[in-house]
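First up is the structure itself, then whatever we jot down about it.
Readers should treat all values here as calculations from the given coordinates under stated rules, not as data from a laboratory. Note that this is a predicted model, so its numbers are computed, not measured. Here the Cβ positions follow ideal geometry from the backbone for every residue, glycine too, while neighbour counts run over all protein chains shown.
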Amino acid sequence: MTEDNKTNRFATLKRVAAEFSALGQLYACAHIKDLSVTGPVEIMPSKNDGMILALVKKGAIDLEINMQRHVIGKNCLVVIPHGAIHRFHCTEGESDIVVLTFSTEFLHSVNINFTAISIPTFVDHQSPAQELTTEECDLLMRYFELLSLNASSHINEQIEANIAASIAAAVVYQLVAFFYKHIGDASATKGQRSCRNAYVHDFIKLAHVHFAQERSVGFYADKLCISPKYLSLLVKEVTGKSAARWIDDLVLMEAKNLLRFSGKNVQQVAYALNFSNQSSFGKYFKHMTGQSPTEYQKS
């Protein structure tokens, strides 16, 4: 995103938001409360350079990401990742929506252990949004309010940037905690998990811990004392994705995070993900994404 596009987006959000704050060009927070007064919010198609989070407590967002349209309702969190081309429209009426935009520069400063977590697996692979409970929405609102207050303090921008990076990291870990809770809730039956769903729940937890070193379904099946074929069948039935695909998605997300944000070169990323050499990692990455690691890093 060019500086002009970023400034225009900040100006649009500032115009319609009941509350708005920004820390330079690092990040901005906008709280949209009543569109019956300001009219609809429209952000024209643009390529996201960084990350956007939108929490919808009331009202709705009509969102188009990479040519696919989604209508996001109340109690949903929207994650718009780096590089996504999107159009953003909030309908008129009573609304309670918080939008946070983070620049790539800011994301570089957020210290997160991506080896142990992966946010996008929290969000349904067919939707950019995840439905939350009222309590989870309220908790996220508190984090977002802290980011907004921090951007409004105007005392020392460097200190404020460090504070914001810590809060943003806490938001990421909180989302992962929500993910584990939702997986547990989904696999519960009258307060107790069935044996089949328990295997799936435990596989996903194991995969988040070991994916950087272990890409074989057999490794996880051994840990769970079942056959790889049976594990694959269970995971596919419960989640709609195969066990191998779960592992690949985690590996690819970590690879993309490392290539884009860690400062590591391709060889270092390959070794961090336990590939035997840079060539084997490059073939794997291109087969899965259609781009070489270098092409992705430069895009």
Notebook entry, point to check: Length gain on complete extension for the stretch residue 159 to residue 182, per 0.36 nm per residue less the alpha carbon to alpha carbon distance?
Noted result: 4.8 nm
Item checked: Difference of contour (0.36 nm per residue) and Cα-Cα distance, residue 11 to residue 206 -> 65.8 nm
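Multiply the residue separation of residue 262 and residue 280 by 0.36 nm, subtract the distance between their alpha-carbon atoms, and state the gained length in nm to one decimal. List each step's numbers first, then the result.
Numbers: separation 18, 0.36 × 18 = 6.48 nm, distance 2.04 nm.
Contour length minus the Cα-Cα distance gives 4.4 nm.
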Check: So for region 187-294, taking the charge dipole from beta-carbon charges (+1 Lys/Arg, -1 Asp/Glu), which of 275, 232, 255 sits furthest toward the positive end?
Finding: 232
Note to self: Can you give the FRET efficiency to the nearest 0.05 for residue 64 and residue 111, using r as the Cβ-Cβ distance and R₀ = 25 Å?
What the structure shows: 0.15
Next item on the list: Project the alpha carbons of region 187-294 onto their principal axes and report the range along each, largest first, in whole Å.
Entry: 48, 24, 22
Note to self: What does the net charge come to around residue 270 if you take all other residues with beta carbon closer than 11 Å to its beta carbon, with K and R at +1 and D and E at -1?
What the structure shows: +2
Checklist line | Other-chain or far-sequence residues with amide H under 5 Å of residue 70's (modelled H) | finding: 63, 64, 65
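Using r as the Cβ-Cβ distance of residue 287 and residue 198, and R0 as 30 Å, what FRET efficiency do you calculate, to the nearest 0.05?
Values: r = 33 Å, r/R0 = 1.09.
My answer for the efficiency is 0.35.
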Note to self: I need the phi-derived Karplus couplings for region 252-262: 6.51 cos²θ - 1.76 cosθ + 1.60, θ = phi - 60°, integer Hz, Gly and Pro marked x.
What the structure shows: 5, 5, 5, 4, 5, 4, 5, 5, 8, 10, 7
Margin query: For region 236-281, I need the span (max minus min coordinate) of the C-alpha atoms along each principal axis, in Å, sorted largest to smallest.
Written below: 38, 22, 12
